[in-house]
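Structure first, commentary second.
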Amino acid sequence: MIPSEFDYHSPKTIPEAVALLERYRGEAKVLSGGQSLLPLLKLRLGQVSHLVDIGRIPGLEYIKEEGGFLKIGGRTRESTLERSDLIRTRYPILADASAVIADPLVRNLATVGGNLAHGDPANDHPAAMLALGAQVVATGPKGARTIPVDRFFTGLFTTALAPEEILTEIQVPVAPPRSGGAYVKLERKVGDFATAAAGAHIVLRADGTIDRAGIGLTAVGPTPIKATEAGGYLEGKKPDEAALAEASRLAARATSPTADRRGSVEYKREMARVLAGRALRRAIQRAGGR
Ligand SMILES: Cc1cc2nc3c(=O)[nH]c(=O)nc-3n(C[C@H](O)[C@H](O)[C@H](O)COP(=O)(O)OP(=O)(O)OC[C@H]3O[C@@H](n4cnc5c(N)ncnc54)[C@H](O)[C@@H]3O)c2cc1C
């Protein structure tokens, strides 16, 4: 339970933090809420020589709509997201996801940016962000760049962030009229990581047909999965049971789960199908479709 020795840095600005990451490239890690990194270090599943704590940099925790995006500061805590009226009323898929992450103690410290940057396919926010078509802002020595979330998760616990970059903001396209989303998770007990989970985001046309559908899946592959074929299939269709059943089947086909103590490959794939269907139905309901 005691990590190996490291130097602790507490920069006060982003440029200072980036400079430290650059100076100790390959030997340093960003420390945010610490809810994934500290357990790894304590269990000695990982080792690091320099921890760059971004927790004392002001201005990284916010939720606002601006310039066509919902903007979430990279160090916004899960508990802040969960309590936000803007999130609850206009982006309920994100409130759904926050509410099923761990427990209130963890959510008081864990950050949304950390949830994405960790690159864990069992984390809950990645699938919700994939469904929403979000992008992240990565700030490094050369300034800021945006990375679409569907290109962010490059492998197991691996992301498109360079070692000297900090995830400073998450940007979600502003919720258009007649849109809705939902995140549904199967867990063995409250607070557990997902056996499988699904997020869905739907935009309806004035005639009630589906204009856009985004579906993200959790814990059923080496990375969080965007079920692109399933989403594309729904576009232009009436949101009836036959269409939703086919989309759920296509979503399950995009998975490549591994067997573990949470279930067999077949069970997880079947749960992905069932959960995708539930998330889609709830998203359509929230979009005002049924
Ligand atoms: C008991 C327990 C239960 C949990 N259950 C769940 C669960 O059900 N669902 C779920 O999704 N998660 C769960 N988690 C994991 C945890 O909540 C998330 O991974 C957490 O949100 C990570 O955020 P953090 O700020 O704590 O990141 P940290 O632990 O500080 O960092 C995690 C990783 O991301 C990197 N990082 C963090 N922030 C940034 C940034 N802004 N820029 C660049 N890199 C960054 C760090 O270098 C590190 O590699 C659980 C954790 C615990 C302890």
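A short reminder: the numbers here are calculations on the coordinates, not readings from a lab. Keep in mind that what you see is a predicted model, and the values were worked out from it rather than measured. Because the Cβ atoms are built from the backbone with ideal geometry, glycine has one as well, and the counts that use them run over all protein chains shown.
Neighbours of residue 80 by Cβ distance under 15 Å: Lys/Arg scored +1, Asp/Glu scored -1, total +2. Once the Cα atoms of helix 14-23 and of the chain are each reduced to a long axis, what angle between those two axes, in degrees from 0 to 90 to the nearest 10, is obtained? The angle comes out near 70 degrees.
Cα centroids of the stretch 175-217 and the stretch 79-94: 14 Å apart. In terms of surrounding Cβ atoms within a 10 Å radius of their Cβ, 168, 111 rank from fewest to most as 168, 111.
Excluding same-chain neighbours fewer than eight residues apart, the aspartates and glutamates reachable from residue 12 by a Cα-Cα span under 12 Å are 53. Here the contact order of the chain, divided by its residue count and restricted to Cα pairs under 8 Å and six or more residues apart, works out to 16 percent. Applying the Karplus relation 6.51 cos²θ - 1.76 cosθ + 1.60 with θ = phi - 60° to the stretch 126-136 yields 3J(HN,Hα) values of x, 5, 5, 5, 5, 4, 7, x, 6, 9, 10 Hz, where x marks Gly and Pro.
Sorted ascending by nearby beta carbons within 10 Å, beginning with the fewest, 193, 152 become 193, 152. Evaluated with a Cβ-only charge set (Lys, Arg +1; Asp, Glu -1), the chain carries a dipole of roughly 560 debye about its Cα centre, given to the nearest 20.
The magnitude of the dipole of the stretch 174-290, with charges of +1 and -1 set on the Cβ of Lys/Arg and Asp/Glu and taken from the Cα centre, is near 260 debye. Within the same chain, lysines fewer than 8 places from residue 226 are excluded, and of the rest, those with a Cα less than 23 Å from its Cα are 71, 185, 237, 238, 268. In degrees, nearest 10, range 0 to 90: what is the angle between the Cα axis of helix 265-286 and the longest Cα principal axis of the chain? The angle comes out at about 70 degrees. For residue 273, the shell of other residues with beta-carbons less than 12 Å away shows a net charge of +2, using +1 for Lys and Arg and -1 for Asp and Glu. Couplings 3J(HN,Hα) for the stretch 218-229, derived from phi with the Karplus relation 6.51 cos²θ - 1.76 cosθ + 1.60 (θ = phi - 60°), are 10, 6, 10, x, x, 10, x, 10, 9, 8, 5, 5 Hz, where x marks Gly and Pro. For the chain, the longest principal axis of the alpha carbon atoms and the long axis of helix 241-253 meet at an angle near 40°.
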